[in-house]
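Colleague: Quick one: the structure is below, and I'll ask about it shortly.
Nothing in this text is a laboratory measurement; each read-out follows from the coordinates by a stated rule. Because the structure is a prediction, the values reported are computed rather than measured. Heads up, the Cβs are rebuilt from the backbone with ideal geometry, glycines too, and the neighbour counts pull from every protein chain shown.
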Amino acid sequence: MTGMVLQAGNIGEYDKRIVLLTKERGRISAFARGAKKATSQYAAVSALKNGDEDVARMRDEYNGRRRYLLHRFKEMGLECFEPFGAFYAFPCIKEFGMTSDEFATRFLEEEKVAVVPGTAFGACGEGFLRISYAYSLEALKEALDRMARFVEKLRAEKK
């Protein structure tokens with residue numbers, strides 16, 4: 001159910017609006033957020049009643065992707081803490097002597113693969129990248145082949 005957010009407290013509730021007031025440059029702006037639509041509520045109820053097999057299948061699928069990603073990082077010589085909660089990995093790129101923004105930009109320009117610089121999550125993310133493994137295994141294989149080629153090129157440049 002990636003990409004779909006449904007708060008359990010909203011299931012079955014009537015349409016409520018939460019108004020948030022923010023003060024920005026001296027003016028007040030209002031943002032309304034309504035309750036989830038009935039179709040989403042029915043889908044959530046169905047998933048809760050009948051989704052155990054799908055959850056088990058996707059858990060196994062994500063576990064396989066996670067293991068593949070970690071294996072490839074190890075092959076590339078990139079340290080990476082094994083994630084257990086979400087479908088993101090944070091490999092360390094400090095050895096290349098560039099910021100995570102520089103690495104991500106150059107990787108995008110040269111290999112046409114987008115990654116998120118660790119600094120998007122604060123200063124302590126410097127030297128790391130965030131890579132999602134919510135993509136298909138085929139897409140991950142292609143992206144990691146390109147990353148391996150890029151990493152080899154960077155190491156050759158350092159010599």
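Colleague: Past 18 Å, Cα to Cα: identify those pairs from K74/K159; K74/K112; K112/K159; K74/K94, in the order given.
Modeller: Flagged as over cut-off: K74/K159; K74/K112; K112/K159.
Colleague: If you don't mind, there's one more thing I want to ask. Please list, in order along the range 45-57, the HN-Hα scalar couplings obtained from phi with the Karplus expression 6.51 cos²θ - 1.76 cosθ + 1.60 (θ = phi - 60°), rounded to whole Hz, x for Gly and Pro.
Modeller: Values per residue, Gly and Pro as x: 4, 4, 5, 5, 7, 10, x, 4, 5, 5, 4, 4, 4 Hz.
Colleague: Rounded to the nearest 20 Debye, what is the dipole magnitude of the range 90-153 about its Cα centre when Lys and Arg each give +1 and Asp and Glu each give -1 at the C-beta?
Modeller: 80
Colleague: Can I ask one more? Within straight cross-link reach of K158, meaning Cα distance under 16 Å, which aspartates and glutamates are found once same-chain residues fewer than 8 apart are removed?
Modeller: The qualifying aspartates and glutamates are E95, E102.
Colleague: Whose amide H sits under 5 Å from the amide H of Y88, counting only residues 5 or more places off or on another chain, with H placed in the peptide plane?
Modeller: Y133
Colleague: Taking H as built 1.01 Å from N, whose amide H comes closer than 5 Å to the amide H of V113, not counting residues under 5 places away?
Modeller: Answer set, sorted by chain and number: L108.
Colleague: Can you work out ³J(HN,Hα) from phi for every residue in the range 135-142, in order, using Karplus 6.51 cos²θ - 1.76 cosθ + 1.60 and θ = phi - 60°, giving whole Hz and x for Gly and Pro?
Modeller: 7, 5, 4, 4, 5, 5, 4, 4
Colleague: While we're on this one: For the range 143-155, take each phi angle, set θ = phi - 60°, evaluate the Karplus expression 6.51 cos²θ - 1.76 cosθ + 1.60, and give the result in whole Hz per residue in order, putting x for glycine and proline.
Modeller: 5, 6, 4, 5, 5, 4, 4, 5, 4, 4, 4, 5, 5
Colleague: Across the range 59-159, how large is the tail of the calculated P(r) beyond 21 Å, expressed as a percent of all Cα pairs?
Modeller: 27
Colleague: Oh, and also: Evaluated at 10 °C with a viscosity of 1.306 mPa s, what Stokes-Einstein diffusion coefficient in µm²/s does the range 86-141 have when Rh comes from the Kirkwood expression over alpha-carbon pairs?
Modeller: Rounded, D is 137 µm²/s.
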